[in-house]
Amino acid sequence: MKNNALSVGYQAPAVQRAFQLLKLVAESPAEQSLSDLARNLGWSKSTTHGLIQSLLSVGALEQGPLGKKIVLGPAIVELAFQSWNYFQVGDKARPILETLRDEIGETVFLGVLGRSRGIIVATAESRKSLKISAPSGTSISLLAGALGKVYLASLSQDQAVRFIQERELPRYTEKTITDKNDYVAEINQVRQNGYAVDDEEYLPGVRAIAISVGNRRGLPLALWVVGFAGTMEKAVLPNFILHIQKAAQNLQKIMDLKGD
């Protein structure tokens, strides 16, 4: 008689434990240490450490900037991005992105936001010869400009403050906000306004506006517009914001998204 593991309902304990660990990290309001995870799961530190190392090696988890805290890694977001291709998220969104692009003349991006990175899922490039561009699948740090601001503004005040306090704020340009108190104040302003502006804070000579769109299958989406400061002048930003807000509303309708 053959011993068919599938026929008797065999379940791999290591896979189950890996999923439990990923689920706990995903559902935790704050980043957790090895000790936190071992205690909350009821496992030994050696077992937890072994699983964490395996998941770190494939990018399913990643360590915080001080090497002590554990968060979901880019591989999880990338898998979600790949599964969304089946649901044709990019195809659904593209007409709206292209309409917005034609209205304002700048490059438009739609992206999914994780705990440490954002990943572009759809793009409508500006028709200008000189433009900002990046292909779908490109990942961006959540501490880089407008994109990260709208993500942090979607969190609770305590979660956003904790996220900021546990990290060093990198200086990308002379205009980058690197003081943590100032950055918290900026996030509070974004939460109040409903949109974020990057005024040459990530790239010199480049401005961006970002708006949270909602959640799709548990991951938040954001819509943002990027252009050169010479054409995306401060005087036109209020008008751009109105167009972006309208596009975000249209995206929510066609994708059945829950607004933040």
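The values are calculated or read from the model by the stated rules, or taken from the named source; none is laboratory data. Note that the coordinates shown come from a computational prediction; the quantities given were computed from them, not determined experimentally. Every residue, glycine among them, receives a Cβ derived from its backbone with ideal geometry; neighbour counts consider all protein chains shown.
If you go through segment 210-223 one residue at a time, do you hit one that is more than 22 Å from Val89 (Cα to Cα), of a type in the set (Gly, Ala, Ser), surrounded by fewer than 23 Cβ atoms within 10 Å (Cβ to Cβ) and in the same structural domain as Val121 (by TED's automatic domain parsing)?
no
For segment 149-182, give me each residue that is of a type in the set (Ser, Thr, Tyr) and touching a Lys or Arg at 6+ places or on another chain (Cβ under 6 Å).
Residue satisfying the conditions is Thr178 alone.
Determine, yes or no, whether Ala210 is at pLDDT 95 or above and touching a helix residue (DSSP H, G or I) at 6+ places or on another chain (Cβ under 7 Å).
yes
Just to verify a result, which residue in segment 138-188, among those that are part of a loop (DSSP other than H, G, I, E, B) and among the charged types (D, E, K, R), is farthest from Tyr202 (Cα to Cα)?
This residue is Glu166.
Do we have any residue at all in segment 227-244 that's part of a strand (DSSP E or B) and either closer than 30 Å to Lys23 by Cα or not small (Gly, Ala, Ser) (or both)?
Scanning segment 227-244 turns up at least one residue that is part of a strand (DSSP E or B) and either closer than 30 Å to Lys23 by Cα or not small (Gly, Ala, Ser) (or both).
Test Leu223 against the criterion of being modelled with pLDDT of 95 or more and within 18 Å of Ile96 (Cβ to Cβ), and give yes or no.
yes
For segment 222-237: of the residues being under 26 Å from the mean Cα position of the chain (by Cα) and among the β-branched types (Val, Ile, Thr), which is nearest to Glu200 (Cα to Cα)?
Top of the filtered list is Val226.
Got a number for residues in segment 107-157 being under 14 Å from the mean Cα position of the chain (by Cα) and of a type in the set (D, E, K, R)?
Going through segment 107-157 one residue at a time, the tally reaches 3.
Please go through (1) at pLDDT 95 or above; (2) under 15 Å from Ile132 (Cα atoms) for Gly230 and return the number of the only condition it doesn't satisfy.
Against the list (1) at pLDDT 95 or above; (2) under 15 Å from Ile132 (Cα atoms), Gly230 comes up short only on (1).
Specify the residue that is modelled with the lowest pLDDT; the eligible residues are those in segment 105-119 that are among the β-branched types (Val, Ile, Thr) and either surrounded by 23 or more Cβ atoms within 10 Å (Cβ to Cβ) or farther than 14 Å from Leu79 by Cα (or both).
This residue is Val112.
Name the residue, out of Glu186, Glu233, Glu201, that is surrounded by fewer than 18 Cβ atoms within 10 Å (Cβ to Cβ), among the acidic types (Asp, Glu) and free of Cβ contacts under 8 Å to residues at least 60 places away in the same chain.
Glu233
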